[in-house]
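Below: the structure, in C-alpha cells.
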Amino acid sequence: AQSVTQLDSQVPVFEEAPVELRCNYSSSVSVYLFWYVQYPNQGLQLLLKYLSGSTLVKGINGFEAEFNKSQTSFHLRKPSVHISDTAEYFCAVSGAGSYQLTFGKGTKLSVIP
Amino acid sequence: SAVISQKPSRDICQRGTSLTIQCQVDSQVTMMFWYRQQPGQSLTLIATANQGSEATYESGFVIDKFPISRPNLTFSTLTVSNMSPEDSSIYLCSVESLPGAGTEAFFGQGTRLTVV
C-alpha cells in the first residue's frame, strides 16, 4: 500500500516569487509519482509525472519536480509564479504495475499580486 | 487525450433521496474510475468500472450505497443512494489515456453534491 503526505495545506506566495510545494510518500514497492492541478470548479489536470530515468521532471506551465528516492520526496517547484497559478495541487502515487492512484490531501497555492 | 463530460455539475438534494451522476468520454476506454473528494480531504477511489463486468469497490464503499453502471466503453453512471449530509462531496469520474500503469489519468470537472 502507498500513502502520500503533502506537508502544507495552504501556501501563499507573492507574484513572481519562487514556490515549492512539498510531497512525501511511502511505499513498499517501486512507485510512479504525479502532480495534478485543480483550478476552481474544474477537474484535475496532469502537471507532470515521474516513471523512471532522470529524477528531475519538467511539466507544463513552467513547473518541475525532483524525485528523491532516499528522502521519499517529490517536491514541486516553480521559479516565478503567476496569478494564474492560483489553484489546488495534488501529489499522487501509484505502485509500479498498478493503475490505482493514491492522492495527498492537496495544497492550495494562493498567488498574491 | 480524453475529454470527459460529467453531469450534473452540482446539485442540492434532500436526505434520503438518490442522485445519479453521468460520465461521458469522447473515446473508448477500458477502465473508468469514480472518486470522492470530501471537503479538505484527498481524493478517495470509490470503485473501478469495467465494461461488461461488475464494478470493483474499494474498502469502505459498497454497491448498495454507490451502484455503478457501465453499459459501454464511453459511458458510466454512479448513483449515490439514500443520501445523508455526510455524502456531501465532489464526485469525480476519471479515465486513463492508455491501459496500463503510469499513464495519465483524465478527470471530469466533477459533481458538487450538497445534501440537506
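The values are calculated or read from the model by the stated rules, or taken from the named source; none is laboratory data. Just so it is clear, the structure is predicted and the values come from calculations on it, not from any experiment. No Cβ is skipped: glycine too gets one built from the backbone with ideal geometry, and neighbour counts run over all protein chains shown.
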For the range A:1-97, which strands (runs of 3 or more DSSP E) that fit wholly inside it have 3 or more residues that are within 14 Å of another protein chain (Cβ to nearest Cβ) and among the aliphatic types (A, V, I, L, M)? A:31-38, A:44-50, A:87-95
Is there any pair linking a residue in the range A:14-29 that is on the phi > 0 side of the Ramachandran plot to one that is assigned to a loop (DSSP other than H, G, I, E, B) and of a type in the set (Gly, Ala, Ser), with Cβ under 8 Å and at least six apart or on different chains, and which? A:Glu16/A:Ser80
Of the residues in the range A:1-38 that are more than 16 Å from A:His75 (Cα to Cα) and polar (S, T, N, Q), the one that is modelled with the lowest pLDDT is A:Ser28
Quick check on my filter: what residues within the range A:25-46 are in contact with a Phe, Trp or Tyr (Cβ under 6 Å, 6 or more places away or on another chain) and closer than 18 Å to A:Leu7 by Cβ? A:Leu33, A:Tyr36, A:Val37
Need pairs with beta-carbon distance below 9 Å; first residue buried (at least 24 other Cβ atoms within 10 Å of the Cβ) and within the range B:25-36, second basic (Lys, Arg) and in a strand (DSSP E or B); sequence gap 6+ or separate chains. B:Met32/B:Arg70
If you take the residues in the range B:30-50 that are under 25 Å from A:Glu88 (Cβ atoms) and outside any strand (DSSP E or B), which one is nearest to the other protein chains (Cβ to nearest Cβ)? B:Ser42
B:Ser59 meets each of (1) surrounded by 16 or more Cβ atoms within 10 Å (Cβ to Cβ); (2) within 12 Å of chain A (Cβ to nearest Cβ); (3) not in a strand (DSSP E or B) with one exception, condition (1)
Condition test on B:Ser53, is it at negative phi, polar (S, T, N, Q) and assigned to a strand (DSSP E or B)? no
